[in-house]
Amino acid sequence: MSGESVKAAKVLLLGDPALRRKSRPVDSVAGADFRYDRDRLHATLEAFRAEHGFGRAISAPQIGVAQRFIAVNLGDGPFTLINPEITWASAETFTMWDDCMSFPFLLVRVRRHRSISVRYLDDDGAVRVMDRLDQATAELLQHEIDHLDGVLAVDHALDADAIVSREVFEQNPEWFADKVDYVITPTVSAPA
């Protein structure tokens, strides 16, 4: 596996039973199988960003790997959160329209904590802490950590009108923005 270019995997779509499995912890960050799956997850994130123009993170279950790790790219290049756990969550919450690579055709109105702290292992196995995260990163990591437990944004839908087609949403974004406390820009610049 070393020296090979790792190809992007297919992102599993809503309804696939693999998205509902609780992931097991990563036992060794040095294992060849883990490193291959990690590289494949990163390749999938970058391919999705290049194709769709958005996507900040993806969890291993979204490519059928039932292990607790997440590939993230917030614009400064990719990194991995291995065995992440939320160690603190703010009492303050907000509502937003959430989207997901496993259902890019939908948006879901959800409630999230405004800030969280996360402990995780990095690619070398060192313990890291992201403390009292900004709102955009906090909502993203809540979404991705949910995936590790087999929980999807659709499970957090606030009411019967909280799941909408992306096409309908994009036809009247101002109307939908008035229905939530916080709006993220649904697109980011795709990497060169």
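Read-outs: derived from the displayed coordinates by stated rules, not from any lab. This structure is a prediction, so every number in the text was calculated from the model and none was measured. Neighbour counts are summed over all protein chains in view; Cβ atoms, including those assigned to glycine, are modelled from backbone coordinates with ideal geometry.
The figures follow:
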| read-out | value |
| --- | --- |
| Residues of the range 119-135 classified as in contact with a Phe, Trp or Tyr (Cβ under 9 Å, 6 or more places away or on another chain) and among the aliphatic types (A, V, I, L, M), total | 4 |
| Qualifying residue in the range 32-52 (condition: more than 17 Å from the chain's Cα centre (by Cα), part of a helix (DSSP H, G or I) and crowded, with 18+ Cβ neighbours inside 10 Å) | yes |
| Checklist (1) closer than 30 Å to residue 181 by Cβ; (2) buried (at least 21 other Cβ atoms within 10 Å of the Cβ); (3) of a type in the set (A, V, I, L, M) applied to residue 63, failing item | (1) |
| Residue in the range 161-176 that is farther than 19 Å from residue 52 by Cα and touching a Phe, Trp or Tyr at 6+ places or on another chain (Cβ under 8 Å) present | yes |
| Criterion: without any contact (Cβ under 8 Å) to a residue 40 or more places away in the chain and among the acidic types (Asp, Glu) - qualifying residue of 16, 33 | 33 |
| Tabulated pairs, the range 128-149, first in contact (Cβ under 8 Å) with a residue 24 or more places away in the chain and under 12 Å from residue 86 (Cβ atoms), second surrounded by fewer than 21 Cβ atoms within 10 Å (Cβ to Cβ) and of a type in the set (Lys, Arg), C-beta under 6 angstrom, 6+ apart or interchain | 129/119; 149/22 |
| Test set (1) more than 25 Å from residue 103 (Cα to Cα); (2) buried (at least 16 other Cβ atoms within 10 Å of the Cβ) - residue 143 fails condition number | (1) |
| Residue within the range 42-57 that is in contact with a strand residue (DSSP E or B) (Cβ under 9 Å, 6 or more places away or on another chain), aromatic (Phe, Trp, Tyr) and closer than 29 Å to residue 170 by Cβ present | yes |
| Considering residues of the range 136-161 that are in contact with a Leu (Cβ under 8 Å, 6 or more places away or on another chain) and part of a loop (DSSP other than H, G, I, E, B) only, the residue farthest from residue 60 (Cα to Cα) | 152 |
| Criterion (crowded, with 20+ Cβ neighbours inside 10 Å, part of a strand (DSSP E or B) and of a type in the set (Val, Ile, Thr)) met by exactly one of 164, 129, 108 | 108 |
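One line per residue, one yes/no per condition, for (1) touching a Lys or Arg at 6+ places or on another chain (Cβ under 7 Å); (2) of a type in the set (D, E, K, R); (3) without any contact (Cβ under 8 Å) to a residue 12 or more places away in the chain:
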residue	(1), (2), (3)
52	no, no, no
61	yes, no, no
64	no, no, no
70	no, no, no
88	no, no, no
112	no, yes, no
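Listed here are the residues, each with its yes/no results for (1) within 11 Å of the chain's Cα centre (by Cα); (2) within 24 Å of residue 21 (Cβ to Cβ); (3) in a strand (DSSP E or B).
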{"position": "62", "(1), (2), (3)": "yes, yes, no"}
{"position": "65", "(1), (2), (3)": "no, yes, no"}
{"position": "75", "(1), (2), (3)": "no, no, no"}
{"position": "83", "(1), (2), (3)": "no, yes, yes"}
